[in-house]
1. Counting only heavy atoms of protein chains, what accessible area per residue, in Å², does the chain have with a probe of 1.4 Å?
2. What are the principal axis extents of the Cα atoms in the chain, in Å, biggest first?
3. Report the Cys residues of the chain lacking a disulfide-compatible partner, meaning no second Cys Cβ under 4.7 Å from their Cβ.
4. In the stretch 15-33, whose amide N lies under 17 Å from the spot 7 Å out along Cα-to-Cβ of ILE56? List them in ranges.
5. Rounded to the nearest percent, how much of the accessible area of the chain (1.4 Å probe, protein heavy atoms only) is carbon and sulfur?
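The values are calculated or read from the model by the stated rules, or taken from the named source; none is laboratory data. The structure presented is a predicted model; accordingly, all values stated were derived computationally and were not measured. Glycine gets a Cβ as well: all are built from the backbone with ideal geometry, and neighbour counts include every protein chain shown. Each accessible area value is taken on the protein alone, full model and side chains, heavy atoms only, with ligands, DNA and RNA left out. Shrake-Rupley method; radii C 1.70, N 1.55, O 1.52, S 1.80 Å.
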Amino acid sequence: MDVRVGDRLELKKPHPCGSYRFEVLRVGMDFRLKCEGCGHEVMTPRVKIERRIRKICREGGGEP
């Protein structure tokens, strides 16, 4: 799955604050995500996040 720094992810399960959208701050074996609802940052394994992704939104708007 092609996830890049700066992408916005919409996940299947919400953060405890109720937001489904997260900004990608770091990519590697783990993802560092920032909740767009409350601003909380979480570090989660790549495999766990890739299973929960519903939609990827890029800043550029178009897919390469």
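1. 66
2. 33, 24, 18
3. Isolated Cys, the chain: CYS35, CYS57.
4. Only 21-33 fall inside the zone, counting backbone N under 17 Å.
5. That fraction is 49 percent.
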